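Bear in mind these aren't lab numbers, they're just calculated from the coordinates by the rules spelled out. Please read these numbers as outputs of a predicted model, since none were measured by experiment. Here Cβ is always computed from backbone atoms with ideal geometry, including for glycine, and neighbour counts include all displayed protein chains.
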Amino acid sequence: MSYYNQPPYGQGAGAASSNLQFYPSSYSNVSGHTTPSQASYGGYGTANTAPAYPGYGAGSSGGFGGGPGIQGVSGRMGESGGLRTGWLAAFGTEGYEGEPGLMEYSDVITFFHEYGHLIHGIMKGNTKWATGDLENDFIEAPSQMFEEWPRDPAVLKTFARHYKTNEPIPVELAEKAKAADKFGRALDVRTQMFYAAVSLDFYNRDPQGLDTDKLVAQLQTEYTPFQLVEGTHMQTAFGHLNGYSAIYYTYMWSLVIAKDMFTEFKKDGLLNPQVVTKYRDSVLGASGTKPAAEMVRDFLGRPYSFQAYADWLNAK
């Protein structure tokens with residue numbers, strides 16, 4: 001991505017003061033993802049390992065392979081020191097000749113989603129040895145909540161600028177983009193339920209003799225108003241069947257929690273440092289040290305509720 005071409009860790013002015021670095025990339029040198037509006041969050045390293053790009057080095061987990069590690073910076077994480085690090089790969093289209101590659105609105109939403117995972121991964125545990133693992137019902141909540149920031153016109157205009165004039169995005173245009181998010185929302189939710197059912201039903205039965213095409217066709221008819229197009233096999237491109245296996249449902253259940261947590265920011269401002277600090281300490285930093293329901297209760301001051309999700313679904 002031509003916008004972000006900063007030097008790697010340990011190189012260039014001010015490198016030691018920044019833990020977030022961007023690297024140029026193209027589709028050809030990153031395995032796994034080749035389409036626009038797609039991103040992936042990787043694991044974290046410790047000691048003196050920082051994420052390589054493309055790929056990642058020893059000490060990291062998950063994501064893409066290949067590429068040597070890049071020397072990191074020292075810190076409090078790990079037995080021999082070293083900052084907990086992570087990597088995020090987000091891909092968009094390349095620009096025409098002489099033009100930069102630009103991000104569409106959906107690309108920005110995806111980037112913020114994966115960046116939410118990145119922040120969560122770096123901060124979770126808050127102990128020397130904690131891995132920060134937590135319930136699958138919660139794992140997509142911080143990332144989905146962070147999607148709200150680029151949807152907010154006041155936040156979006158702080159960084160979304162015209163690539164020629166450098167003018168911030170007009171508030172009216174940002175408001176229209178936010179309003180357009182409501183279009184087809186119920187259909188989107190039903191589609192997510194269809195994906196969750198595919199995910200579960202592929203794994204809750206004996207795979208011997210399982211006709212996946214027949215099952216997908218049955219579930220699509222049950223959960224959506226559309227029939228499966230004959231000769232297509234959507235399950236072969238459903239990447240979450242690997243890794244997430246039967247728990248794709250977590251996206252919708254985590255969204256219930258994300259919408260509820262976001263009510264705190266809606267009350268006091270998306271950039272309010274007091275709310276941000278409370279969220280960092282009670283949710284992100286505490287992840288892996290107690291049940292997620294307790295973390296959410298600590299942040300909200302009450303048990304989580306379905307109401308915020310219901311309001312969102314009804315466009316209130």
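Assorted remarks:
- In this simple spin-label approximation, Leu271 and Arg190 carry label points 7 Å from Cα along the Cα→Cβ vector, and these lie 4.0 nm apart.
- Residue exposure sequence - Ser305, Ser282 - by fewest surrounding Cβ within 10 Å: Ser305, Ser282
- Of the trypsin sites (Lys or Arg not before Pro) found in segment 161-221, the ones in coil according to DSSP and having at most 15 other Cβ atoms within 10 Å of their Cβ are Lys164, Lys182, Arg205.
- Checked against a 28 Å cut-off, the cross-linked pairs Lys182/Lys267; Lys176/Lys266; Lys124/Lys266; Lys182/Lys214; Lys290/Lys316; Lys124/Lys178 give Cα-Cα distances beyond that limit for Lys182/Lys214; Lys290/Lys316; Lys124/Lys178.
- Phe306/Glu97 FRET efficiency (R0 41 Å; Cβ-Cβ; nearest 0.05): 0.20
- Note, ³J(HN,Hα) from phi for segment 158-166, Karplus 6.51, -1.76, 1.60, rounded to Hz, x at Gly and Pro: 6, 9, 7, 10, 5, 5, 9, 9, 6
- Cα-only Debye scattering, segment 159-316: base-10 log of I(q)/I(0) at q = 0.09, 0.10, 0.20 Å⁻¹: -0.47, -0.57, -1.22
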